[in-house]
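The values are calculated or read from the model by the stated rules, or taken from the named source; none is laboratory data. Note that this is a predicted model, so its numbers are computed, not measured. Because the Cβ atoms are built from the backbone with ideal geometry, glycine has one as well, and the counts that use them run over all protein chains shown. Quick note on the areas: whole protein, heavy atoms, side chains included, nothing else; ligands and nucleic acids left out. Shrake-Rupley method; radii C 1.70, N 1.55, O 1.52, S 1.80 Å.
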Amino acid sequence: EHASECFADVCTRVGVRLDALTQELGGQDIVCVAHAGSIRAAVALALGLSAEKALALDVKNTSLTRLDYVTDRLRVKRGGHWRVVGLNMI
């Protein structure tokens, strides 16, 4: 029997991986092909949404989502922040 992963777990898993990629590849562009649930989780992280609230986001199949990780002099000690540049761009 296959146990499904709850969306809160997806958010946690995606957050851990995004943090690792940001550390490993900081300053580089990263292209990621992913399932809508993983994209929804990444956008939730960028916007500071709970898993429950993130379920309200509609991620279209074969669309493009762009997230930028921004660091500037004011935030460098805090590690920067995410910005949602676009969701469901074609």
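The table that follows gives values for the structure above.
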read-out: Residue that is farthest from Arg40 (Cα to Cα) [pool: residues in region 77-88 that are open to solvent by 90 Å² or more (accessible area, probe 1.4 Å) and modelled with pLDDT under 90]; value: Lys77
read-out: Residue in region 21-36 that is aliphatic (A, V, I, L, M), in contact with a Lys or Arg (Cβ under 9 Å, 6 or more places away or on another chain) and either loosely packed, with under 14 Cβ neighbours inside 10 Å or assigned to a helix (DSSP H, G or I) (or both) present; value: yes
read-out: Some residue of region 59-70 being surrounded by 15 or more Cβ atoms within 10 Å (Cβ to Cβ) and over 25 Å from Glu5 (Cα atoms); value: yes
